[in-house]
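Structure, as structure tokens:
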């Protein structure tokens, strides 16, 4: 009823911040989501869109025409605007750009010209720059002429007359400096500007490593292009970390938790389809040993143990490597050490669990041969899993294939195949 | 040779920042790590320790005596110091605290009194506070008396004479305000202070949602206790996201990538040990059907397909839920919708892949019955996987068990057991 709706609308537009509304939309199933979105006041729509996940945002954007879009996007910062435009069809982008004034259009086109996942795609153009030879007092008076400063302004950027980056002037330092000192005397020259083409994950590493709030972005000639702020970097960090987790289950990090049934079904089908192929691969290995299994049915009972232990051991190595690569700890220098460590640790555990499992198997089936076979198969499968788990992500990365997405599937297929092959193969040999 | 060592030492202590050195240590195998650490200049040791992961830091700390520790820890911020002390044995903590002067000790004891994973454990006590009734001009003159302001000072905190939080005064606003205005007229009262007991992941959500750089922390009476800065929050976000990824493979998010062989072997053995138990559980299910398998060996060939398809489908649901819970999107209101969606999407895929797999099985073994059995078993296992994948993380959370750590093991055991039971059970029925 409309009374309840009015109340919801009042709460939405009065009591909640745009980010709260976005969170509420992201936490709602499709029907409620559309209902809520229609209640959001036009003037907040743009702000709310900025905080939404890609998947959901793309949907709402697709419902708007170019005029509505242009109106909503008026107050966007250039980096957010570019992000958002990149999700639209080219014709719509052109329409939206056409409604803008020249200066705004130029800014957006500038940011649009850089790939989304580089420093250029992350940067804003709302920098406040000063020259090195003026005094702090002049800087203070210059700032006072502003009605407000861009959000996340923790430092001014010092440039020469060719707009080339020279240094930064933290505003906390501005506040404690002698007003008669020059910018050059007070500025910080330790911060390296970020090259416009640097991948966004590398940008995140720099922010984390040097505890930055904002950092200048320059082109190859050292000319200042804009600045990157920590709020956008936090999104990169979150996405980056989410990416590994979600990819390992064949999901997308932008996946809408409340995607409709049909969309979910289609996306998941792809992953299940890949798994059908790998599952039949493993099955065909078992099929090679039908006679042996008929002779000793206990093999069918025990064979999943060999496969799954290999999978578990390999997944641990693989996950450690994927994380290590993501945070930049793993490189050519230390792979040999890592491979060695993983091999030794897994081999020791392989021997330990070979004893445990074969002991249990012998006790269960009263057959010493089956104990010997499963012990050998376990050691083979676990040590091989450690080698594959260590090297596979590096090989995939070299081939430009995402290790988090493809690594698990390939590893588990390998441990299944090797597990069944070694166990049933050895059994065929010993029982023949 | 000592010439090379001297050169490395020069590079370490001259050209690299403490965070770079920390990254280098984290990326080095144990022997090189110790060698490098010994080359780090005493005066940088403290800074480097701050940037190291928990695991590695604990090791280096254990090598120092209380006196050396106290010396190194002199310049630490109270939150970092508290973090670090929490890793030490109680007797060493006391020794270190005894070497401090009263004021410092009090600060550290204050932060130590809050759990590490709450706002209290994250906060610094280095706030700059001002009263509401003074003028901006007075604030500016007060600030100028400082030699420098604490890092990440983006706003001053406005308190009354009982030290109770009233508002914040962003320094960007300070710079553009009329000097004769009072703090009260200019300050921001929209920011809610953070309660000292708020869990750190909730703190991170607030920072992400409101794009904060720093935020005040208060006790139950609204008294200002300190402030939290974005650099520490970024660590929480990174750890939090890493936690899900690493836990799902039974690893710790603080896991040292270059942990020595022996330590790695012991830690991994625990996880493999758990898996041995679950693997034998699944095996015992197969063991119930030895006779049927002997009769129709094709069952042994195909049974891993049913188990693994269930595992894949369930893992996708589980991962989506774990992420949804972690970012606070999943709650009592929408579980029903989610369960429904997961059930429908998985059931549809279940039917689709039942057709695909049974078609392939019939073609392979020329046996219509086996096609029927595997189709039914797949639909049963997949739909059940979707229900378990959705509800399990919620149940575990209620029981205070980490869904990321335990969810995967329980889910995969379930899909194995149900997969084998339904497939072999149905086969026994149809072939009897």
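I'd like to know how the range B:259-359 sits against the 2.2 N^0.38 Å rule of thumb: what's its Cα Rg over that expected value?
1.49
What percent does the relative contact order of chain B come to when contacts are Cα pairs within less than 8 Å and at least six residues apart?
So the answer I get is 13 percent.
Give me the mean projected area, in nm² to one decimal, of the convex hull enclosing the Cα positions of chain B.
Its Cα hull, projected and averaged over all orientations, spans 29.2 nm².
How big is the antiparallel share of DSSP beta bridges in chain B, given as a percent to the nearest 5?
Of the beta bridges lying entirely in chain B, close to 80 percent run antiparallel.
Tell me, what is the percent relative contact order of the range A:261-431, built from C-alpha pairs under 8 Å that lie six or more residues apart?
38
Distances from residue B:147 to the same position in the other copies: list them in nm, one decimal, shortest first, using label points 7 Å from Cα along Cα→Cβ.
4.1
Please build a GNM for chain B, connecting alpha carbons under 10 Å apart, and tell me which residue among B:208, B:95, B:190 fluctuates the most.
Per the Cα network of chain B with a 10 Å cutoff, B:190 tops the list.
At 222 nm, what helix-only mean residue ellipticity would the protein assembly as shown give, in deg cm²/dmol to the nearest 500, using -39500 (n - 2.57) for each DSSP H run of four or more?
-21500 deg cm²/dmol
If one computes the Cα centroid of the range B:160-215 and of the range A:407-432, what distance in Å separates the two points?
Comparing the Cα centres of the range B:160-215 and the range A:407-432, I get a distance of 61 Å.
Assuming R0 = 51 Å, what is the FRET efficiency of residue A:188 and residue B:270, from their Cβ-Cβ distance, to the nearest 0.05?
Efficiency computed from Cβ-Cβ geometry: 0.60.
Counting only C-alpha contacts under 8 Å and six or more residues apart, can you give the relative contact order of the range A:129-248 as a whole percent?
Reported relative contact order: 23 percent.
Between residue B:117 and residue B:180, 0.36 nm times their residue separation minus their Cα-Cα distance comes to what?
18.5 nm
Which value results for Rg/Rh of the range A:119-230 when Rg is the Cα radius of gyration and Rh the Kirkwood radius based on the inverse mean 1/r?
Result: Rg/Rh = 0.96.
Other chains' Cβ within 10 Å of A:174-185 residues: what's the mean?
2
What residue among A:274, A:230, A:128 shows peak mean-square fluctuation when chain A is described by a Gaussian network model with Cα springs under 10 Å?
A:274
Treating the point 7 Å from Cα along Cα-beta-carbon as the label, what are the nm separations from residue B:160 to the other copies, to one decimal?
From this label point to the equivalent ones elsewhere in the assembly: 5.6 nm.
Say a label goes 7 Å from Cα toward Cβ at residue A:7 in every copy; what distances in nm does this one have to the rest, shortest first?
With the label placed 7 Å along Cα→Cβ, residue A:7 yields 7.6 nm.
Considering only A:180, A:264, A:189, give the residue with the highest GNM mean-square fluctuation for chain A, with springs between Cα atoms whenever their separation is below 10 Å.
Largest GNM mean-square fluctuation: A:180.
Let me know the mean shielding of B:61-67 by other chains, meaning the per-residue number of their Cβ atoms within 10 Å of its Cβ.
If you average over the peptide's residues, the count of other-chain Cβ atoms is 0.
Quick check: the distance between the Cα centres of the range A:7-31 and the range A:281-358, to the nearest angstrom?
One Cα centre to the other: 48 Å.
Take the alpha carbon atoms of the protein assembly as shown, find their radius of gyration, then divide it by 2.2 N^0.38 Å using N residues; give the quotient.
1.05
Can you pull the mean other chain C-beta count within 10 Å for peptide B:5-16?
0
We did not get these values from a lab; they are worked out from the coordinates using the rules stated. These figures come from a predicted structure and were not determined experimentally. Virtual Cβ from ideal backbone geometry, glycine too; neighbours counted across all protein chains shown.
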